[in-house]
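Everything below concerns the one structure shown next.
The values are calculated or read from the model by the stated rules, or taken from the named source; none is laboratory data. All of these numbers come straight from a predicted model, not from anything done at the bench. For neighbour counting, all protein chains shown are included, and Cβ atoms are generated from backbone atoms with ideal geometry for every residue, glycine included. Ligands, DNA and RNA are stripped out before the accessible areas are found, and what is left, the full protein with its side chains, is counted by its heavy atoms. Shrake-Rupley method; radii C 1.70, N 1.55, O 1.52, S 1.80 Å.
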Amino acid sequence: EDGEIHPIVATHFEPTHARKAFPCFDQPQLKAEFTIMVDHLTKYQVISNMPKKNDRSVRSETVRSEFITTPAMSTYLVAFVLSDLEQTTVTTSRGVRVSVYNRPGKKQAIQIGLETVKQSVEFFENYLGRVFPLPKLDVVPLPDFAIGGMENWGLITIREDMLYTDSNTPPEAVILTRAILAHEVAHMWFGDLVSITSWNNLWLKEGVATMLMYPAIEQLITKGTHSTVSDIKNSLLQVSRFPALEYDSVVNTHPVAMNISDPSEAAAAFDAISYSKSAALLDMLRSAIGESRFRAG
């Protein structure tokens, strides 16, 4: 926009790409603690899953940023982003630092996102009775990102056009922005803190995150707008019911729990069955046993 090139470097390791960055046993059930160090030019900033521990000069105009060691986590959740983006930070009621990044001049465009992430963290802490497991949560928009969002632990990445909103953004697009962010925040517990045993069970983490993303933002959507709970339910139908019905009607559909025998097959499991049908099934289970029993596990 200013006639200059602003580089941005971001990782995306899900499902089995961490092995391309560092030697590892690249399966979700095999966890390790990670101490991330990145050498970079001083004019850029780098963020990772955990807060920065220190910067150390390694040569002219180059520093090495070291981050606090992570808790035990799956390899596909390791992440770092290098950029010159701006950030806006708020703090939740329990002291978690929530930061959303933006291009210069786009601060107003992230306000919906910032409010949503803060609200979602507080919602899930109360809903689950378990505090957010990390000291901070960053959200970074990427201009060229094939998927909507990614739940790297403590460092969510999201497609830029999914985050930015303004007064001309249609209400249904605002709901979608909020829903995607709430979905990724849900993963901080479902998938990140508690992980699946293999990619065969992808449906479990994606189904829970899809099912709970609308309750997390219900108050935000209805407050100060003309949107109603009925609008939210209609959006839920469009996102997590209709796609499942359509996909499940074709001959090459598959069970929610797949038999993935090769890492190359894992990427194919990210579809409407794993997200939408599993969310519908889990919602049916919740309706059958009751909200209190469902929340208690």
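The table below lists the values:
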{"read-out": "Sum of -39500 (n - 2.57) over DSSP H runs of 4+, divided by residues of the chain (222 nm, nearest 500)", "value": "-10000 deg cm²/dmol"}
{"read-out": "Restricting the range 61-92 to GluC sites (Glu not before Pro) in coil, as DSSP defines it, with at most 12 other Cβ within 10 Å", "value": "E61"}
{"read-out": "Cross-link partners of K107 among lysines (Cα-Cα below 19 Å; sequence separation of 8 or more within a chain)", "value": "K118"}
{"read-out": "Simple label model, 7 Å out from Cα along Cβ direction - Q219 to S287, nm", "value": "2.6 nm"}
{"read-out": "Karplus 3J(HN,Hα) series, Hz, for the range 115-120 with 6.51 cos²θ - 1.76 cosθ + 1.60 (x for Gly, Pro)", "value": "4, 5, 5, 4, 4, 5"}
{"read-out": "Tail beyond 14 Å, pair distance distribution of the range 115-198 (Cα, percent)", "value": "63 percent"}
{"read-out": "Length-normalised contact order for the chain - Cα pairs under 8 Å, 6+ apart - percent", "value": "15 percent"}
{"read-out": "Of D192, D55, D26, the one that fluctuates the most in a GNM where the chain has Cα springs shorter than 10 Å", "value": "D55"}
{"read-out": "Accessible solvent surface per residue of the chain, calculated while the other protein chains remain in place, 1.4 angstrom probe, Å²", "value": "49 Å²"}
{"read-out": "Solvent-accessible surface (1.4 angstrom probe) belonging to R178, in square angstrom, nearest 10", "value": "20 Å²"}
